[in-house]
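Read-outs throughout are calculated quantities, based only on the coordinates presented, and are distinct from any laboratory measurement. Quick caveat: nothing in here was measured; it's all calculated off a predicted structure. Note: ideal-geometry Cβ built from the backbone for every residue, glycine included; neighbour counts use all protein chains shown.
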Amino acid sequence: NVDQRCQPGSHTELFRAGHSAADNDGQQVHVYPSSAFPLHVLERSKHELIQEGSLVVIFESFDNLSFVYAKKGDVYHNKNGDFYHDDFIDKLRFGSKLRARNHQGYGFVFLLRPTSELWARSLPHRTQIVYELDSSTVIFQLNLKPNMVVLESGTGSGAMSTAIMRTIAPYGMLHTYEFNGMRAEAARVEFERNKISHLVTVHHRDVCGKECADDGGFDVGGQAADAIFLDLPEPWLAVPHAAFAIKPNCRLCSYSPCVEQAQRCIAALSECGFHSIKTIEVRLRENYVDEVELEMPPTNRVVRVKKDECKLVDEEEYDRTIQRNDRIFRKQMMGARSNKIYQLCPRLRQKKKLTRKIIL
Ligand SMILES: C[S@@+](CC[C@H](N)C(=O)[O-])C[C@H]1O[C@@H](n2cnc3c(N)ncnc32)[C@H](O)[C@@H]1O
């Protein structure tokens with residue numbers, strides 16, 4: 001119940017105002033205030049009518065999704081027909097089926113409420129992205145929780161950023177670093193348009209400091225992050241900076257496409273004091289099960305005529321029949337996309353007693 005949670009003096013209200021509190025060891029910690037936050041990121045009420053400016057995921061077919069920002073007078077065209085925004089703005093709810101005005105209304109699309117998974121499948125790709133199979137594992141392994149401070153590099157197309165933001169909402173902060181100026185700016189504009197910019201700060205910065213040795217790293221100070229996620233071609237160069245920025249006993253995950261990169265990264269992590277390093281490869285084989293009509297099994301192989309007396313019939317014909325009949329129907333489902341397979345989730349060795357904590 002939203003109203004109850006926002007009552008003065010409630011847990012939520014204290015976060016909103018910012019306050020000091022004692023941590024488990026009796027030390028005073030400050031919980032920083034934030035501007036207004038929605039309770040959900042990219043997810044609003046199921047019953048909400050689609051409004052002008054809303055981000056709407058257009059479901060055309062199982063493997064074909066796109067998106068629009070609802071705008072009066074605009075028309076979305078695809079092979080199924082012409083879809084007028086005026087036909088759904090302030091009229092239809094998310095999840096509705098919209099029919100084309102042309103083709104006698106035979107063509108249709110579904111208008112979906114955006115989630116970070118649907119967004120990853122429909123967003124404009126500027127780079128390779130992290131899909132839900134991997135992002136869910138990373139988020140789980142990083143122990144991400146609401147209100148955490150997380151560092152990420154690179155931003156790329158912002159798919160992983162959106163998944164992280166959903167987990168750390170409503171009061172967390174993601175600092176995402178991208179050294180490509182156009183990508184950083186595009187991500188900033190997109191986060192603003194998707195109404196999640198209050199959960200993220202986009203930094204245009206080279207975290208590896210390859211160009212200039214002094215200039216790398218995350219500009220948030222020491223021991224500032226509850227978790228760090230790296231999706232970089234040379235993550236080992238960012239590891240020393242990450243070791244400085246992460247809180248003791250918090251986790252870092254580096255996401256790499258090949259084991260050689262993982263090995264170099266592990267070496268750098270060990271050198272910088274990380275421990276409990278593990279490498280994970282995530283694979284999902286999801287089966288689509290359907291009903292099919294199988295041919296009759298062969299009956300002409302061995303016929304038992306009497307006890308201990310068997311008649312063998314044409315072995316070759318039997319093998320052919322078996323192959324023809326061996327029709328187990330299995331199709332891999334969509335949504336099991338994964339670009340990269342090695343993940344490392346180490347923690348920084350505890351160096352001293354914790355002095356700061358985020359109170360959840
Ligand atoms: C594979 S993409 C990240 C995709 C992102 N995780 C997503 O899900 O959309 C890698 C990004 O890292 C950026 N990058 C590479 N080296 C970097 C560095 N040293 N500092 C900051 N960004 C870097 C690239 O420009 C690229 O956009």
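What FRET efficiency do you get for residue 101 and residue 296 if R0 is 30 Å and r is their Cβ-Cβ distance, rounded to the nearest 0.05?
Taking R0 as 30 Å, the efficiency between residue 101 and residue 296 is 0.05.
Cut-off is 10 Å between beta-carbons; in what order do 161, 135 appear when sorted fewest neighbours first? Write out the running numbers ahead of the final one.
Working: 161 28, 135 25.
Exposure proxy ranking, most exposed first: 135, 161.
Give, as a single signed number, the net charge of other residues whose beta carbon lies under 14 Å from the beta carbon of residue 108, with Lys and Arg counted +1 and Asp and Glu -1. If you can, show how the numbers build up before the last one.
Numbers: positive: 79, 97, 99, 101; negative: 60, 82, 87.
Local charge sum for residue 108: +1.
Based on alpha-carbon centroids, what's the gap between the range 112-181 and the range 92-109 in Å, whole number please?
Centre-to-centre distance over Cα atoms comes out at 31 Å.
Ranked by Cβ crowding within 10 angstrom, fewest neighbours first, how are 97, 247 ordered?
Values: 97 10, 247 22.
Placing the least packed residue first, the sequence is 97, 247.
With r as the distance between the Cβ atoms of residue 145 and residue 110 and R0 = 45 Å, compute the FRET efficiency 1/(1 + (r/R0)^6) and round to 0.05.
Using R0 = 45 Å, I get an efficiency of 0.90.
What net charge is computed for the residues neighbouring residue 72, neighbours being all others with C-beta under 14 Å from the C-beta of residue 72, Lys and Arg scored +1, Asp and Glu -1?
Cβ neighbours under 14 Å give a net charge of -3.
Under 18 Å from a point placed 7 Å out from the Cα of residue 192 along the Cα-to-Cβ direction: which residues of the range 58-94 have their backbone N that close?
69-70
Where Lys and Arg each count +1 and Asp and Glu each count -1, what net charge lies around residue 175 among other residues with Cβ under 9 Å from its Cβ?
-2
Measure off 7 Å from each Cα along the Cα-to-Cβ vector at residue 61 and residue 77, then give the distance between these two points in nanometres to one decimal.
For residue 61 paired with residue 77, the spin-label model returns 2.0 nm.
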